[in-house]
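Inspection log for the structure reproduced underneath, given as structure tokens.
The values are calculated or read from the model by the stated rules, or taken from the named source; none is laboratory data. On a predicted model such as this, the values are computed, not experimentally measured, just so you know. Ideal geometry is used to build each Cβ from the backbone, glycine not excepted, and the neighbour counts take in all protein chains shown.
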Amino acid sequence: METFLSICVGIGLAAACGFRVFVPLLVMSVAALAGHLNLSSPFQWIGTYPALIAFSIATTLEVAGYYIPWLDHLLDTVATPAAMVAGTMVAACMMSDLSPFLRWTLAAIAGSGAAGLVQSGTVFTRAISTSTSGGLTNPLVSTAELVLSLVTSLLAVAVPVLAIALLALLGAVIGTKAWKRLRPA
């Protein structure tokens, strides 16, 4: 059961990387320093004060960047591969009870996949926001993404199975809406 929960925490945090790359890392750092999260030995540096400071600065810069109209599109371009790398890393970080081969394979598939799917959804949402409002609603989209990243990260650490269930529900709702929109009439 502990292995299953660690996989759920890893995938939940990886998905949160798709909304914002550094928010889940900041949440992990705080949770590890508070003793609520056990990190595998190669990743214990995440639970240090220098890492907390670095993640705080990176999170602040990333969040602020998404409120600058021309910069948000540039960040989306850079954030897609960064989210997938971060998703792989946070997933592997949480799967300490698995063999290294299984850990990294699962992290690369599930962690990177979850982050990539969520990031693709945010890029799609921002493109719709830009095309329908000329970018005026992009700050609202950015705020929603920040809130979703924070909530997903906190849920992944506190109630991992619920985080996975909510992500699956969110994916189903978005997938259904996209299917209806893109399906020929």
Mind checking which pairs have a first residue in region 167-185 that is in contact (Cβ under 8 Å) with a residue 40 or more places away in the chain and a second that is surrounded by 12 or more Cβ atoms within 10 Å (Cβ to Cβ) and hydroxyl-bearing (Ser, Thr, Tyr), Cβ under 7 Å, 6 or more apart or different chains? LEU167/THR152
Single condition GLY135 does not satisfy, out of (1) touching a Ser or Thr at 6+ places or on another chain (Cβ under 8 Å); (2) under 22 Å from MET84 (Cβ atoms): (2)
Inside region 140-157, can you point out the residues that are touching a residue at least 24 places away in the same chain (Cβ under 8 Å) and of a type outside the set (Val, Ile, Thr)? SER142, GLU145, LEU146, LEU148, SER149, LEU150, SER153, LEU154, LEU155, ALA156
Restricting the search to region 36-67, which residues are surrounded by 14 or more Cβ atoms within 10 Å (Cβ to Cβ), out of contact with any Gly (no Cβ under 9 Å at 6 or more places or on another chain) and of a type in the set (A, V, I, L, M, F, W, C)? PHE43, ILE46, ALA51, LEU52, ALA54, PHE55, ALA58, VAL63
Residue satisfying all of: in region 90-109; surrounded by 20 or more Cβ atoms within 10 Å (Cβ to Cβ) and of a type outside the set (Lys, Arg); farthest from LEU154 (Cα to Cα) among these: ALA107
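Residue by residue, here is whether (1) among the β-branched types (Val, Ile, Thr); (2) within 16 Å of the chain's Cα centre (by Cα); (3) at pLDDT below 95 holds:
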residue: TYR66; (1), (2), (3): no, yes, yes
residue: LEU71; (1), (2), (3): no, no, yes
residue: THR80; (1), (2), (3): yes, yes, yes
residue: ALA92; (1), (2), (3): no, yes, yes
